[in-house]
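Single-structure report; data block below.
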Amino acid sequence: MKNALRFSALGFQHVLAMYAGAVVVPLIVGQSIGLTAEQLTYLVAIDIFMCGIATLLQVMSNRFFGIGLPVVLGCTFTAVTPMIQIGKSFGVTAIYGAILVTGVVIILISGFFGKLVRFFPPVVTGSVVTIIGVTLIPVAMTNMGGGDAARELGEFGDPKHLLLSFGTLVFIILIYRLSKGFLKAISILVGLVVGTIAAYMMGMIDLTPVKEASYFHFPQLFYFGMPTFNLSAIVTMLLVAIVSLVESSGVYFALGDICDREIKEKDLAKGYRAEGLAITLGGLFNAFPYTTFSQNVGLIQMSGVKTRKVIYIAGGMLVTLGFIPKFAAIATIIPDDVLVVAMIVMF
């Protein structure tokens with residue numbers, strides 16, 4: 001009983017460490033392509049659910065898929081700008097058509113992709129990720145003034161928006177710089193919570209989406225409609241997935257060192273295959289491409305707990321939370337002024 005409680009606490013810690021990164025992606029993408037509050041709630045809920053499924057696929061190990069390491073998966077930030085552009089140019093269904101094809105291709109190429117990893121050194125992948133972050137910063141800066149909603153109301157640049165944004169940003173920086181260990185790892189999540197509470201006290205939050213959200217739902221196939229297939233969208237998402245695989249490779253090797261396990265080509269292939277399966281399922285249920293989350297690797301190193309049991313519990317928690325739209329709706333009421341800060345820090 002004592003071990004069960006301990007493992008549950010450690011699993012919940014992993015959920016907290018990755019939660020901010022997990023919900024920020026659907027919020028950014030959903031708001032950027034003009035989804036309704038109901039659609040945004042579904043997007044967040046299915047993303048949390050699929051983070052759990054993707055994690056469970058990866059942490060297990062069989063002959064076909066699963067790296068078998070204590071790794072947590074979440075939606076990749078590399079895909080944010082491409083998904084927004086695809087959604088605006090070809091519609092939301094084109095996003096999921098591209099994700100579906102990408103998932104299948106990743107499964108097919110997983111067997112020999114491990115041989116190509118040496119051609120993607122950190123300087124290459126780091127440059128790509130840096131460019132992605134830099135191109136997203138202008139979007140974040142616009143939201144510091146209140147975003148498009150504030151512009152429509154004639155409140156863009158209002159002092160209350162700037163005060164809330166900069167106040168939350170300073171709070172996150174202070175938490176990150178002055179704290180250590182777990183609190184430092186979840187500094188963005190703490191900032192989102194504190195900023196949202198401050199916004200509520202300033203009368204800037206509408207709780208209607210939370211009140212109207214149901215307590216329970218099942219994930220739906222093709223929630224946003226049947227997928228459509230556009231060649232340029234598919235090529236773009238495939239390139240995004242390949243970059244994510246290279247990032248994941250670094251996480252696999254890091255975890256291998258931490259867990260005293262040699263990572264071989266067949267292990268990499270099974271890891272890539274699991275990500276391909278997760279991406280495919282994401283396309284079917286209108287979620288996102290998934291990749292390994294490095295913050296959870298840091299948490300493993302910090303805690304010294306390397307058992308996969310903890311990650312199984314974390315994956316189960318994420319799946320359970322994904323069945324509760326009301327919980328997901330809480331994330332959708334985070335105002336742009338606060339969400340922008342998480343965007344800037346992550347980018």
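Quick notes on this structure:
- For the range 7-39, residues that are closer than 14 Å to Phe288 by Cβ and among the hydrophobic types (A, V, I, L, M, F, W, C) total 10.
- Of residues in the range 171-189 being modelled with pLDDT under 80 and closer than 16 Å to Val341 by Cβ, the one farthest from the chain's Cα centre (by Cα): Ser187
- Residue that is farthest from Arg308 (Cα to Cα) [pool: residues in the range 26-73 that are among the aromatic types (Phe, Trp, Tyr) and over 12 Å from the mean Cα position of the chain (by Cα)]: Tyr42
- Where Lys270 falls short, out of the listed (1) touching a residue at least 40 places away in the same chain (Cβ under 8 Å); (2) charged (D, E, K, R); (3) surrounded by fewer than 18 Cβ atoms within 10 Å (Cβ to Cβ): (3)
- Considering only residues in the range 254-265 that are assigned to a helix (DSSP H, G or I) and touching a residue at least 40 places away in the same chain (Cβ under 8 Å), the one that is surrounded by the fewest Cβ atoms within 10 Å (Cβ to Cβ) turns out to be Glu265.
- Some residue of the range 229-246 being part of a loop (DSSP other than H, G, I, E, B) and over 22 Å from Phe119 (Cα atoms): yes
- Note on the range 53-87: residues that are more than 23 Å from Gly316 (Cα to Cα) and in a loop (DSSP other than H, G, I, E, B) amount to 0.
- Meets criteria (assigned to a loop (DSSP other than H, G, I, E, B), modelled with pLDDT of 85 or more and in contact with a Gly (Cβ under 8 Å, 6 or more places away or on another chain)) for Thr168: no
- Test: residue in the range 12-34 that is assigned to a loop (DSSP other than H, G, I, E, B) and touching a residue at least 40 places away in the same chain (Cβ under 8 Å): yes
- Scope the range 278-314; condition under 23 Å from Ile86 (Cβ atoms) and surrounded by fewer than 23 Cβ atoms within 10 Å (Cβ to Cβ); matching residues: Thr280, Leu281, Leu284, Phe285
- Unique match (being touching a Leu at 6+ places or on another chain (Cβ under 7 Å) and either part of a helix (DSSP H, G or I) or not acidic (Asp, Glu) (or both)) among Val319, Val341: Val341
- Just one of (1) of a type outside the set (D, E, K, R); (2) crowded, with 21+ Cβ neighbours inside 10 Å; (3) closer than 22 Å to Lys184 by Cβ fails for Gly250. It is (2).
- Here the range 157-179 is the region considered, the condition is being hydroxyl-bearing (Ser, Thr, Tyr) and surrounded by fewer than 18 Cβ atoms within 10 Å (Cβ to Cβ), and the residue that is farthest from Thr142 (Cα to Cα) is Ser179.
- Criterion applied to Asp206, Asp257 was being more than 16 Å from the chain's Cα centre (by Cα), under 23 Å from His14 (Cβ atoms) and not hydroxyl-bearing (Ser, Thr, Tyr), and the one residue passing it is Asp257.
The values are calculated or read from the model by the stated rules, or taken from the named source; none is laboratory data. Remember, it's a predicted structure, so these values are computed and weren't measured experimentally. No Cβ is skipped: glycine too gets one built from the backbone with ideal geometry, and neighbour counts run over all protein chains shown.
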